[in-house]
Amino acid sequence: MQQHCFLAIVMNKLDKNLEKTRLELVPNVLEDTEFWMYYFYKVEMIKASVGLPTSLGGRIERRAVAPAA
């Protein structure tokens with residue numbers, strides 16, 4: 001969590017579009033912690049999509065569910 005706090009501060013300073021988007025959403029649409037949770041989740045998803053290691057854990061296999069009768 002502490003690492004994410006540090007990264008959030010750095011990213012907010014480096015990326016003015018990120019800062020602008022955050023200011024538009026927080027606190028009217030999302031809480032600050034929700035914004036960063038979604039942000040870092042998307043970062044991890046992008047890393048996974050290009051084959052980089054992530055902190056998301058292993059892939060969850062979904063079973064097919066039979067339709068209700």
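Observations on the model:
- Test set (1) in a helix (DSSP H, G or I); (2) surrounded by fewer than 13 Cβ atoms within 10 Å (Cβ to Cβ) - P27 fails condition number: (1)
- Of the residues in segment 4-21, not one is at pLDDT 85 or above, part of a loop (DSSP other than H, G, I, E, B) and open to solvent by 100 Å² or more (accessible area, probe 1.4 Å).
- Any hit, segment 44-60, residues being at pLDDT below 75, surrounded by 12 or more Cβ atoms within 10 Å (Cβ to Cβ) and of a type outside the set (D, E, K, R): yes
The values are calculated or read from the model by the stated rules, or taken from the named source; none is laboratory data. Just so it is clear, the model here is predicted, and its values are computed rather than measured. Every residue, glycine as well, gets a Cβ built from its backbone with ideal geometry; the counts of neighbours run over all protein chains shown. Ligands, DNA and RNA are stripped out before the accessible areas are found, and what is left, the full protein with its side chains, is counted by its heavy atoms. Shrake-Rupley method; radii C 1.70, N 1.55, O 1.52, S 1.80 Å.
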